[in-house]
Amino acid sequence: MTDKTPFSEQGAGKNYDRWYEAPYGQFCDRLEKRAVRALLPQQRGTLLEIGSGTGHWSLWFSRQGFQVTGIEPAGDMLARAESKVPGARFVQARAESFELERQFDLAAFITSLAFIQERERTLKNVLAHVRPGGCVILGCLNRDSFLGGEGHGFLAGADFLGIEDVVRLFAAYGKITLDYTLYTPAGRLAWAFVAEPLGRLLHKRKGAFIAGRIDLWTSRLK
């Protein structure tokens, strides 16, 4: 994680959690977790979460049966995560340079790639901590979505990824499976019963949230 992230500011963690308490945040959260849940491996194990933030997704992964270790550079965010998910381990470190003396069954990037500048360096470091034949779970903000590629609030300055970016980053490492969700703009929740099914039917790849799974090659030489 780089200095590009706004989450190092004091109080950022509290503001981040408040977003999930608002109606639109709750709506997005349900859709995103439904998409990610469908891609999780059936066998639970150890999970390395990159950019674990306040532990919002860490708690969810833990409740799905995973043993979670989170990497997070922002002290305020990490402190909230430690109090929220006591069964997990959190390490204050940068994604491109952390070192842990173990390998994990899978790694997860949930929206964190939008705040990482050295993505290829980060990816190599993370994959060195994932066992061969493991997998990576993604949740990416879609630059090519109907809702746009510019963030506001705590997403201001985020560098959203397009589908081609995701493929370019991960194609050399394993088999990529992608899904898409979230076609309803903020303030238009009454449209959701129309926007979501029509979005998936007519313009599936335009969803604001890309959910992905990369099943890593057993040999990293592929």
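The values are calculated or read from the model by the stated rules, or taken from the named source; none is laboratory data. Treat the numbers as computed from the prediction; the structure is a model and nothing was measured. Virtual Cβ from ideal backbone geometry, glycine too; neighbours counted across all protein chains shown.
Please tell me if Gly174 is within 22 Å of Arg44 (Cα to Cα), in contact with an Asp or Glu (Cβ under 9 Å, 6 or more places away or on another chain) and at pLDDT 95 or above. When the stated conditions are applied, Gly174 passes them.
Between Ala81, Ala95, Ala107, Ala74, which is touching a Leu at 6+ places or on another chain (Cβ under 6 Å), among the aliphatic types (A, V, I, L, M) and closer than 22 Å to Ala158 by Cβ?
Ala107
Taking Gln43, is it surrounded by fewer than 16 Cβ atoms within 10 Å (Cβ to Cβ), outside any strand (DSSP E or B) and at pLDDT below 95? Considered against the rule, which asks whether it is surrounded by fewer than 16 Cβ atoms within 10 Å (Cβ to Cβ), outside any strand (DSSP E or B) and at pLDDT below 95, Gln43 comes out as yes. For the range 79-89, the criterion of being under 16 Å from the mean Cα position of the chain (by Cα) and among the hydrophobic types (A, V, I, L, M, F, W, C) is met by at least one residue. Restricted to the range 68-80, and to residues there that are out of contact with any helix residue (DSSP H, G or I) (no Cβ under 6 Å at 6 or more places or on another chain) and part of a helix (DSSP H, G or I), the residue that is surrounded by the fewest Cβ atoms within 10 Å (Cβ to Cβ) is Gly75. Determine whether the range 183-197 contains at least one residue that is surrounded by 14 or more Cβ atoms within 10 Å (Cβ to Cβ), at pLDDT 95 or above and closer than 23 Å to Phe109 by Cβ. Checked against the condition, which is being surrounded by 14 or more Cβ atoms within 10 Å (Cβ to Cβ), at pLDDT 95 or above and closer than 23 Å to Phe109 by Cβ, the range 183-197 yields at least one hit.
Each residue in the range 116-148 was checked for being small (Gly, Ala, Ser) and surrounded by fewer than 21 Cβ atoms within 10 Å (Cβ to Cβ), and 3 pass.
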